[in-house]
1. Inspect segment 329-346 for any residue being modelled with pLDDT of 80 or more and under 33 Å from the mean Cα position of the chain (by Cα) and give the result as yes or no.
2. Suppose we filter segment 307-360 for residues that are among the hydrophobic types (A, V, I, L, M, F, W, C), open to solvent by 10 Å² or more (accessible area, probe 1.4 Å) and assigned to a loop (DSSP other than H, G, I, E, B); how many remain?
3. Restricting to segment 645-675, give me the number of residues that are without any contact (Cβ under 8 Å) to a residue 60 or more places away in the chain, over 18 Å from residue 350 (Cα atoms) and over 31 Å from the mean Cα position of the chain (by Cα).
4. Yes or no: residue 372 of a type in the set (D, E, K, R), open to solvent by 10 Å² or more (accessible area, probe 1.4 Å) and free of Cβ contacts under 8 Å to residues at least 12 places away in the same chain?
5. Would you confirm, using the coordinates I've provided, whether residue 310 is under 23 Å from residue 390 (Cβ atoms) and under 20 Å from the mean Cα position of the chain (by Cα)?
6. If you go through segment 528-535 one residue at a time, do you hit one that is in contact (Cβ under 8 Å) with a residue 12 or more places away in the chain, open to solvent by 40 Å² or more (accessible area, probe 1.4 Å) and not in a helix (DSSP H, G or I)?
7. What are the residue pairs meeting all of these: first residue in segment 751-765, first residue under 14 Å from residue 254 (Cα atoms), second residue among the charged types (D, E, K, R), Cβ atoms under 7 Å, and 6 or more apart or on different chains?
8. Would you point out which residue out of 310, 337, 359, 279 is farther than 30 Å from residue 38 by Cβ, touching a residue at least 24 places away in the same chain (Cβ under 8 Å) and of a type in the set (A, V, I, L, M, F, W, C)?
Amino acid sequence: MMRRILSYTIFALLVLALGAVGVTRLSFNVDLLKLLPRELPGVAGTVAFQKFHDRPDELLLTLHASDGAEVGDLAEELAAQLVAAPGLTRRVQAEPGWRTAPAGLIELTAGAWLNAPPERVRKLEAALAPAPLEAMLQARIGTISAALNPLTAALDSRDPLGLGAVLEEALKAGADPSDSDGYATGDGTFHLLKVKTGRTLRGYRETSQWLAQVREVVKAWQRSQPAAAALQIAYTGSPAFEAEIGTGMEHDMSQSVSGITLIVALLFWLLHRRLRPLFYLLLAMLVTGLLTLGVAGLTCGALDVMSMGFAAILMGMIEDFGVMGLHEAMRHPGMSFRSIHARVFPSIAWSALTSAAVFATLGLSTLPGIARMGLLTALGILIGAAVMVYGFLPLAMRRGGTPQPMPLASASNGRPATWPGWLAVLLTLLCMGSLVLRGLPGTDSNAGVLRPQHCQAFEALLEFQQRLQPDLANTLWLPVIIRAETATQLAASLRTLEARLASAKADGRTLGHLLPSTFVPDPARQVANLPVLTRLAAAQDRLVRAMDAAGFTAAGMAYSRSILELWAQWGREQESATRWPATGLLDEFIGPVLRREAGGMMACGFVRLPQTGNPLQAGTLAEIQQDPCVQVGGWDYLGAQLKALFKSEVKRVLLPAAAVLGLLFFLVFRNARERLVAVGSLAFSGLLLLGAMSATGMTWNFVNIGAVPLSLGLGLDFNIHMIHALRERGADAHGIGRALAYCGLSTGLGFGALGLSDNGGLATFGQTAMLGVLATLLTAAFIVPWAWRRMASG
């Protein structure tokens, strides 16, 4: 006795130690791009684009007055409240940088002329010559008074010489006119705040805590400010996404695991009505979960929104092995564990190997999350089978009992019941009718299947884009990433890309483009342009007198004068190195368009396509990517690429799974009769799955296609148990149906728990697998015994 207690204690300590080590090393990965294979076209470009635009320290907060009131003053008040909160924020920006600090535009504009085509710089010099200058200044007065765009008006009012035109053209290329300044709509009813975090946030939990503090400050301000009570305030940006996705994953995992555990406990109680075996079953499930989580933490390190689904699947499957063993022990209460082990081990071993092999085939998926989920579930099944047979079963047998079989498919007079046959006919007619009327389930290759179904941060981002960036809502703006080792190569690639996109726009293949050519240093152009710009700077006195004579004040000509003075300074410095714009200025005033990194540099632009067009059908995308330095990305582009991924997943997952099932099929079943029954069972289960999906309007996607081999594998698993019982006990095998129903229901509901996930892909995977498992359960528990007896009697 003492030796047994000591053994159990040592084993428990080892399990707890492994589980603790694994869980402490385990984390949630909230980056949705990591759900896709890196070799998929568009992923590399999207990852690079994300590096440009991802700002983990910047929260976007939007204010909207649904009653039509202006919110500009309220936005400034809220910004002051957030800044005043100790240690909460580093900075809160309520206006564009060119308005709060217009001096920053001076260097950008001066640098844009330095990198402009030399012929354009010479035209500028000619336009500012004494003869045409007076007429040009008079024309500028009319242009300034007619300006509608806030940025244009701000520049023109201080720029009589029109030097800011090169900057305006670069920012507005390919875009529709807008009255938004990027922070507020023209009517003032919608306003944006950019909130910089007051400290470095590590992980989604810390980000969630910081975001909760921001929300508290905002709510307190709304309570104290009557005019702000009706404001609709939303949160988006990297911190909001990280907090919402991370906490959502944690909630989904805890909800699904706890939910399926309660379901398993309830079904076990209804089946056996015994507390001690139920306690041992839950303990065995906990041990299996800890061991598998420990291995996951030590090998994977991080779970994503897909791979975390293994826990719910595992909890819904492993108890099957214990229940099947307990059922056999209750049928033979006088037998020893060794005898019961000899009776149940073959079917449990084959069942575990079959299920693990099917899940392992998901490891061939190109989707990292699905592959990781399949491998972890396969490993957990093998661990769970061992724990149930050698841990749960010996403990549960110490308090065995007499079974109370419940006939499921036999009639009271000893003859085979006929209702399973009529049920099979009825289900066949219903499924065929649904398939004829509604057709086979369609396919969905949209990238949105990877996103949360209900994400407040994503909804806030869409509203922000629709109101402040209407071009993004009405057309496709696909990011284009250009990489190079040197500034000369980067400038050359941009010029080539500019020419190709200009030709595509002229042919109607695109609607426009936005490239950072104006801001990318071009060594050759800088050498050619600096002498010309220095001569213009030297003529500053003449130009100032002309502007003064035209009626411009000192404030009105400040922008132009500052640019001339900066050119004069550059001319005096005579630097031989290429002059780079300050990256901070670019990010502040223009956006993240230029990056220098180890081994090279990157630039980011956009190409604009019709919203109704398929990005893959735009030949210009293939054309511009002929340059190995150019990559196209973005979720819209990835969505089109996923059609090819769907076909690839079908081949990579279904074909190996079919081969594994075929091999197991011939190894497990002994004769033609058993194989015919098993084949018919799987075929009928497939018909039920297709009919149910068609009737409910479900579609196939590149995630839930993995539910097909799982459903077939579990169907083979159920058939192994049932046919093994029919082979061994014949007509006395009706009791296995009750145990099988318990196992199938718990497994199906385990998948169903995933159907409640907020992630679209994981939810459809769980729903499809649940339908498939319940279909195979119904067939194996009711139709197979009926068909077996009909074949025997025939």
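The values are calculated or read from the model by the stated rules, or taken from the named source; none is laboratory data. The model shown is predicted, which means the values in this text are computed figures rather than measured ones. Cβ atoms come from the backbone with ideal geometry, glycine included; neighbour counts cover every protein chain shown. With ligands, DNA and RNA removed, areas are computed over all heavy atoms of the protein, side chains included. Shrake-Rupley method; radii C 1.70, N 1.55, O 1.52, S 1.80 Å.
1. No: zero hits.
2. Of the residues in that region, 1 qualify.
3. 1
4. Working: of a type in the set (D, E, K, R): yes; open to solvent by 10 Å² or more (accessible area, probe 1.4 Å): yes; free of Cβ contacts under 8 Å to residues at least 12 places away in the same chain: no.
Spelling it out, it is not the case that residue 372 is of a type in the set (D, E, K, R), open to solvent by 10 Å² or more (accessible area, probe 1.4 Å) and free of Cβ contacts under 8 Å to residues at least 12 places away in the same chain.
5. Numbers: under 23 Å from residue 390 (Cβ atoms): yes; under 20 Å from the mean Cα position of the chain (by Cα): yes.
In short, yes.
6. No.
7. 757/252; 758/252
8. Details: 310 fails: farther than 30 Å from residue 38 by Cβ; 359 fails: farther than 30 Å from residue 38 by Cβ; 279 fails: touching a residue at least 24 places away in the same chain (Cβ under 8 Å).
Every option except 337 fails the conditions.
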